[in-house]
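Got a structure here, written out as structure tokens. Questions coming.
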Amino acid sequence: GQRTRACEKVIEDPICLAVNKIRIVVGPEQIELIEVDGGKVDDIEQFAVDDGFPNAHDMHEFWLSFHGIGVFVGSMIEWGPVAPK
């Protein structure tokens, strides 16, 4: 019922804390490089976990299947915590 009167907001609107440029180099076997605002991410495993993946392997599989081998350049949005309503 999202477009009905029964629809209600269940969490508050999130707050954008930052928008950073991100560059991800996807190789055939692993993510070879991640840069955020031009700085190299040293711990890709921890980055993957912080981004919601179980590990860097699963993050690589996602990027490989959706973007293929190569370089992805985009924006990384940092959201503030949202409290339940």
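The values are calculated or read from the model by the stated rules, or taken from the named source; none is laboratory data. Here the structure is a predicted model, which means the values were calculated and not measured. To get the accessible areas, we keep the full protein, side chains included, count just its heavy atoms, and leave off ligands, DNA and RNA. Shrake-Rupley method; radii C 1.70, N 1.55, O 1.52, S 1.80 Å.
Going by amide H atoms built from the backbone, whose H comes under 5 Å of the H on E32, apart from near neighbours?
Under 5 Å from the amide H of E32 lie the amide H atoms of V25, V26, G27, each far enough along the sequence or on another chain.
So how much slack lies between N55 and D13, counting 0.36 nm per residue of separation and subtracting their Cα-Cα distance, in nm?
12.3 nm
Quick check on the chain: helices-only [θ] at 222 nm, where DSSP H runs of length 4 and up contribute -39,500 (n - 2.57) each and the sum goes over total residues. Nearest 500, please.
-6500 deg cm²/dmol
I'm spelling it out carefully: the read-out is mean projected area of the Cα convex hull in nm², the candidates are (i) 6.8; (ii) 7.4; (iii) 6.2, and one was derived from this structure. Which label?
(ii)
Solvent-accessible area per residue for the chain at a 1.4 Å probe radius, Å²?
About 76 Å² of surface per residue is accessible.
With contacts defined as alpha carbon pairs under 8 Å and 6 or more residues apart, what's the relative contact order of the chain in percent? Can you show the working numbers first?
On the way: 127 pairs, mean separation 37.1, N = 85.
44 percent.
Pop out the ³J(HN,Hα) list for segment 63-78 in order, Karplus 6.51 cos²θ - 1.76 cosθ + 1.60 with θ = phi - 60°, rounded to Hz; leave Gly and Pro as x.
Rounded to whole hertz, the list is 5, 5, 6, 8, 10, x, 6, x, 10, 10, 10, x, 10, 10, 9, 9.
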